[in-house]
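In what follows, a single structure is set out as structure tokens and then discussed.
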Amino acid sequence: MNLDELNKVARAMVAPGKGILAADESSGTIKKRFDAIGVESTEENRRDYRELMFRSTEAMKNHISGVILYDETIWQKAKDGTPLVKIIEQAGSIPGIKVDEGTKPLPNCPGEVITVGLDKLADRLTKYYEQGARFAKWRAVIDIGAPHVMPSYTCVHANAHALARYAALCQAAQIVPIVEPEVLMDGAHDIDRCFEVTRWMLKETFQELFHNRVALEGIVLKPNMAIAGKKSATRASVQEVAEKTVRMLKECVPAAVPGIAFLSGGQSDEEATAHLDAMNKIGNLPWALTFSYGRALQHAPQKAWSGKAENVAAAQRAFSHRAKMNGLAALGQWKADLEKKAA
Ligand code: 13P
């Protein structure tokens, strides 16, 4: 393993004013997104849609440091025959790959899941590296559920352990692991319960990373924010989300980690931007704080595109706008009226 090289890639992934586009929806998830805009989820439509984002040159050059791809996409060619990976690289962005194989029920822990895909991962990583991937992603899923029932210790521990095993395999293959322990926003819990569970999951994750000898200088952490569940009766303000998230991360994430790139997790586009901006406005942080959004970067372009070739330019404008807003938020320089001006 060449740690200097891993660290260089990790720092590029969280470079000032830039963040990551999570375009790694599995076939099942992208079908749900396409159903919502009335588009059939064929291989060609998935390619056309992703190609339009990767060809949004302004956004890709200035605001998107890297793109997380799904297995299908990393092997795909654009309409004109250029590999999609090449289009990403030509824009100065780094190709990455989702390598987990989704979740399975965790035995003896009703309602809980474990992320799978470690078997044969070493071989798959070698092939992905040859194909151009310089970072990878593995997502662990923690559901808070009813108060004090979930998550179980078994679920938190088993998922943290799998994340660390994955991260160690990635670094051995000269690939930067995005370590993603996601505590879901589903549920009626308040922000403090999310804070408590996320803190626990982060503590377990860093403990397991240590035991597996993962070099923290060569990872990027992708956590959820401390935020109330979608069904919670009490919404926390933007400032409260920012302050609690920063406090939680300062307690759990060593300064050796180059950067933290949040998932959006079901927040609205503007909420996800405002929260990231408010955290960076707090300032004086030991790591870069940026975005690795899927939904919060893609809602707008998906709607604008709606599967029609004549809407490609409008979809690219919508994507570029969100990328720019989040790029500003990564610097703590976003303002709500920039959204209104664009509308
Ligand atoms: P969301 O931003 O839509 O949560 O997706 C990010 C992601 O990569 C989840 O694994």
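Among 246, 241, 312, which is within 16 Å of the ligand (Cβ to nearest atom), of a type in the set (Val, Ile, Thr) and either assigned to a loop (DSSP other than H, G, I, E, B) or at pLDDT 95 or above (or both)?
Selected residue: 241, the only one of 246, 241, 312 that is within 16 Å of the ligand (Cβ to nearest atom), of a type in the set (Val, Ile, Thr) and either assigned to a loop (DSSP other than H, G, I, E, B) or at pLDDT 95 or above (or both).
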Out of the residues in region 291-306 that are of a type in the set (Ser, Thr, Tyr) and closer than 19 Å to residue 184 by Cα, state the one that is surrounded by the most Cβ atoms within 10 Å (Cβ to Cβ).
292
Qualifying positions in region 1-59 - more than 16 Å from the ligand (Cβ to nearest atom), closer than 16 Å to residue 319 by Cα and β-branched (Val, Ile, Thr)
57
Looking at region 125-140, which of the residues that are within 16 Å of the ligand (Cβ to nearest atom) and of a type outside the set (Lys, Arg) is farthest from residue 76 (Cα to Cα)?
140
All conditions in (1) at negative phi; (2) crowded, with 18+ Cβ neighbours inside 10 Å; (3) small (Gly, Ala, Ser) are true of residue 313 except (2)
Go through the residues of region 211-221 one by one and say whether even a single one is over 18 Å from residue 137 (Cα atoms), crowded, with 23+ Cβ neighbours inside 10 Å and out of contact with any Ser or Thr (no Cβ under 8 Å at 6 or more places or on another chain).
no
Quick one: in region 316-334, of everything that is assigned to a loop (DSSP other than H, G, I, E, B) and small (Gly, Ala, Ser), which residue is surrounded by the most Cβ atoms within 10 Å (Cβ to Cβ)?
330
Selection within region 256-281 - surrounded by fewer than 16 Cβ atoms within 10 Å (Cβ to Cβ) and either in a strand (DSSP E or B) or more than 16 Å from the ligand (Cβ to nearest atom) (or both):
256, 281
Mind listing just one residue for me: the one in region 152-162 that is touching a helix residue (DSSP H, G or I) at 6+ places or on another chain (Cβ under 6 Å) and surrounded by 22 or more Cβ atoms within 10 Å (Cβ to Cβ) and, of those, farthest from residue 117 (Cα to Cα)?
156
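I'm trying to understand the selection: among the residues of region 150-191, which are aliphatic (A, V, I, L, M) and at pLDDT below 95?
150, 188, listed by residue number.
The values are calculated or read from the model by the stated rules, or taken from the named source; none is laboratory data. Keep in mind it's a predicted model, so treat the numbers as computed, not measured. Cβ sites come from the backbone with ideal geometry, for glycine too, and all protein chains shown count toward neighbours.
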